[in-house]
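The values are calculated or read from the model by the stated rules, or taken from the named source; none is laboratory data. Everything quoted here is computed from the prediction, not taken from an experiment. No Cβ is skipped: glycine too gets one built from the backbone with ideal geometry, and neighbour counts run over all protein chains shown.
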Amino acid sequence: MPITKTEKRVDINQRRIINGADADVMQLSPMKHKFAWEAYLAGNANHWLPTEITMQNDIEQWKSDSVLTADERKAFKTVLGFFTTADSIAANNIVLASYKHVTSPECRMYMLRQGYEEAIHTHAYQYIVESLGLDEGEIYNMYREVDAIYEKASFILSFNEGIFDPNFKTGTFEADQKFLENIAVFALILEGIFFYSAFAVMFGFQRQNKMIGSAEQIQYIMRDESQHLNFGINIINSIKEEQPELWTPEFQQHIVDLVKEGTRLEYTFAQTVFPKGIFGMNAEGFKQYIEYIADRRLTRVGLPEQFGVSNPFPWMSEAIDLNKEKNFFETRVTEYQVGGTLDW
Ligand code: FE
């Protein structure tokens, strides 16, 4: 964006998430979208690296013949197969597709942080694969070879294409709805449903005292992802305020339908992860869990619940529930925050 020499100062009230025609993307302050700055500060305070977590226990358990059953190994590898490519998909969407259309500099600040966090998550999965000596070809190709992962990745990527197109520009009713659709799919469905459901599988292992290093990686990742999800929800709700004409009844129904489709795809994935069921987790129990979190994502952006089910895994709410997350990490937050000043 070129600058013009002028004495007319930028008016913060002209600032918009998208289409901030008179906004200046180089001027961070004064800020309008304070949620983005808060997310940026929280992300920095929570900085972590995968290699800080010991994988020794996991390595021993994975090598042993007596700890993990064949079904448990399959579930672990399938979830990892989804994760290894999913955060790259999320990173690419931010950096290559959505970032350039965002005209709020404080939102851009957080998106830079978010993109880096997706890289750390991709690093974490690579670190797990490497530590356990898994077949990299097998794990990283799962999103092409395993139907249920392929279906999820293709679904998500189809919403990246529209705004990734070099000719795409915000500023028309259709284009702005397209942008909003992209954020809804990536935040509510990819980060809010697909990731959370897969996190839950890893916590299932942890509850059995299995693969606890991997689960600890996932705990750090989940804390970052809960910020990504919140940020996406804030973006959606801010655009709704700034451009209310976009949020038509038809468009609302469209987002509900997409979330329902995401829920269906996630159930299919659960059937692949648990063809039989492991330690009390199975595809049917997961179906209800997926529906429960889908309803929560919908209500956060003002859309109606679709399933009205209770949480079938109450123990999971301690680990995963967004509102309780602070308690969950209570003992760890201090530890994380000194991470920035580690003595090397
Ligand atoms: Fe993310």
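What the table below lists for this structure:
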{"item": "Pair list, Cβ < 7 Å and 6+ apart or interchain, from region 248-259 residues that are in contact (Cβ under 8 Å) with a residue 12 or more places away in the chain to residues that are surrounded by 11 or more Cβ atoms within 10 Å (Cβ to Cβ) and not in a helix (DSSP H, G or I)", "result": "GLN252/LEU303; ILE255/LEU303; VAL256/LEU303; VAL256/GLN306"}
{"item": "Output for region 90-104, where each listed residue is among the aliphatic types (A, V, I, L, M) and either in contact with a strand residue (DSSP E or B) (Cβ under 9 Å, 6 or more places away or on another chain) or over 15 Å from LEU157 (Cβ atoms) (or both)", "result": "VAL102"}
{"item": "Filtered residues of region 244-279 (kept if at positive phi and in a helix (DSSP H, G or I))", "result": "none"}
{"item": "Leading residue by the ranking (farthest from the chain's Cα centre (by Cα)) among those in region 1-44 that are surrounded by 13 or more Cβ atoms within 10 Å (Cβ to Cβ) and among the small types (Gly, Ala, Ser)", "result": "ALA23"}
{"item": "Which listed residue is surrounded by fewer than 17 Cβ atoms within 10 Å (Cβ to Cβ), more than 16 Å from the ligand (Cβ to nearest atom) and closer than 22 Å to LEU157 by Cα, from GLU138, GLU52, GLU60", "result": "GLU138"}
{"item": "Qualifying residue in region 244-254 (condition: of a type in the set (S, T, N, Q), under 22 Å from the mean Cα position of the chain (by Cα) and modelled with pLDDT of 90 or more)", "result": "yes"}
{"item": "Test: residue in region 30-39 that is farther than 26 Å from GLY171 by Cβ, away from the ligand (no atom under 16 Å from the Cβ) and either at pLDDT 95 or above or in a loop (DSSP other than H, G, I, E, B) (or both)", "result": "yes"}
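Rundown of residues vs (1) within 15 Å of the ligand (Cβ to nearest atom); (2) at pLDDT below 95; (3) closer than 30 Å to ALA70 by Cβ, yes/no style:
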position: PRO166; (1), (2), (3): no, yes, no
position: ALA175; (1), (2), (3): no, no, no
position: PHE179; (1), (2), (3): no, no, no
position: LYS210; (1), (2), (3): no, no, yes
position: MET222; (1), (2), (3): yes, yes, yes
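Let's see how each residue does on (1) within 14 Å of the ligand (Cβ to nearest atom); (2) β-branched (Val, Ile, Thr); (3) surrounded by fewer than 22 Cβ atoms within 10 Å (Cβ to Cβ):
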position	(1), (2), (3)
LYS77	no, no, yes
ASN92	yes, no, yes
VAL102	no, yes, no
LEU112	yes, no, yes
VAL129	no, yes, yes
